[in-house]
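The values are calculated or read from the model by the stated rules, or taken from the named source; none is laboratory data. Every value quoted in this text rests on a predicted model; they were computed, and no experiment measured them. Cβ placement follows ideal geometry from the backbone for every residue including glycine, while neighbour counts extend to all protein chains displayed.
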Amino acid sequence: MLKALTSAGISITLLCTLFSSVYNKGLCFEKSDIAKKNQHDISINNIYSSDYNYELQGVDFNYDSFAYTGDEKITYLTFDDGPSKNTIKILDILDKYNIKATFFVVGKNIELYPEILKEIVRRGHMIGVHCYNHDYSVIYSSVEAYMEDFLKTYNLIKEVTGIETNIFRFPGGSVNSFNKKYRKDIADEMERRGFIFYDWNSSCEDAVVGATSESCLKSLIYTSTTKHNILLCHDIKNVTVLNLERYINKLQEMGYTSFETLDGVPAVKFLVN
């Protein structure tokens with residue numbers, strides 16, 4: 001659909017405006033300096049994230065998954081890439097505010113910090129699979145390669161904590177420039193096996209090169225516009241540890257009265273299967 005629209009002469013800027021109006025968010029797709037390869041980065045306030053190298057054309061987005069019918073504004077804090085040396089500090093802050101969160105963990109880091117993974121669970125937070133080694137060129141080289149990476153992390157989580165999680169997050173999100181060839185096949189196979197993947201509809205952009213306290217806070221404010229607010233953070237990033245309390249306080253000022261795990265929450269998905 002997007003390719004047809006752009007072929008008809010509708011500009012990327014106009015499409016961006018239309019998309020933003022559909023789900024009332026501050027996310028905007030714009031041309032980047034790699035546009036010559038027909039790729040686009042996701043941009044929040046003109047800050048481009050190298051980790052989430054989205055492609056615009058030919059991709060359908062599941063806007064229905066952004067719908068939320070409840071009256072209460074809820075934030076679902078999610079932390080990717082841990083466990084890490086920062087995780088205990090984050091857990092302490094979450095305890096201070098009586099907040100539960102969801103951690104999408106990396107297998108190699110589980111091997112480094114198994115006791116921290118146990119501590120995440122002990123404190124009542126939710127665990128999901130992210131990946132084993134975060135090497136996109138390997139993970140997305142085939143459906144079989146993705147499954148091998150996923151199951152290695154899944155089994156580590158089970159071995160260390162006894163938990164058989166049914167949620168995961170694609171490295172780089174379900175739509176990125178590395179998984180174009182196999183993304184739908186991977187998603188279909190994972191969902192056939194009973195797993196649910198979660199993208200996000202809000203981000204503090206802490207994985208952007210050169211991210212600062214102020215840039216992260218601005219991104220959080222501009223993208224936290226829905227009642228069903230799945231916020232992407234990374235517990236390996238020092239900027240997030242330093243500013244997590246600011247994020248929580250600002251979200252509370254914005255009317256988010258509850259912070260919960262993703263347990264039973266409708267999934268936000270960039271990819272429509």
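Of note:
- Residues considered: 214, 260. Of these, the only one that is within 29 Å of residue 195 (Cα to Cα), acidic (Asp, Glu) and at pLDDT 95 or above is 260.
- Per-region count, segment 158-175, residues touching a Leu at 6+ places or on another chain (Cβ under 7 Å) and either in a loop (DSSP other than H, G, I, E, B) or within 25 Å of residue 231 (Cβ to Cβ) (or both): 4
- Residue match in segment 150-163 (condition: in the same structural domain as residue 236 (by TED's automatic domain parsing), surrounded by fewer than 20 Cβ atoms within 10 Å (Cβ to Cβ), among the polar types (S, T, N, Q) and closer than 19 Å to residue 244 by Cβ): no
- Screening residue 144 on (1) under 29 Å from residue 259 (Cβ atoms); (2) at pLDDT 95 or above shows it passes everything except condition (1).
- One residue alone among 141, 137 is assigned to a helix (DSSP H, G or I), farther than 22 Å from residue 244 by Cα and of a type outside the set (Lys, Arg), and that residue is 137.
- All of 93, 99 fail the test of being part of a loop (DSSP other than H, G, I, E, B) and touching a residue at least 40 places away in the same chain (Cβ under 8 Å), apart from 99.
Yes/no per residue for (1) under 12 Å from residue 107 (Cα atoms); (2) over 16 Å from the mean Cα position of the chain (by Cα):
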| residue | (1), (2) |
| --- | --- |
| 119 | no, yes |
| 130 | yes, no |
| 143 | no, yes |
| 147 | no, yes |
| 152 | yes, yes |
| 156 | yes, yes |
| 161 | no, yes |
| 171 | no, no |
| 175 | no, no |
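- Note on segment 239-271: residues that are under 20 Å from residue 129 (Cα atoms) and touching a residue at least 12 places away in the same chain (Cβ under 8 Å) amount to 11.
- Within segment 211-238, residues that are in the same structural domain as residue 101 (by TED's automatic domain parsing) and farther than 27 Å from residue 113 by Cβ have Cβ atoms under 6 Å from residues that are among the β-branched types (Val, Ile, Thr) and at pLDDT 95 or above in these pairs: 229/75, counting only partners at least 6 apart in sequence or on another chain.
- When 177, 202 are screened for being polar (S, T, N, Q), in the same structural domain as residue 143 (by TED's automatic domain parsing) and surrounded by 20 or more Cβ atoms within 10 Å (Cβ to Cβ), only 202 passes.
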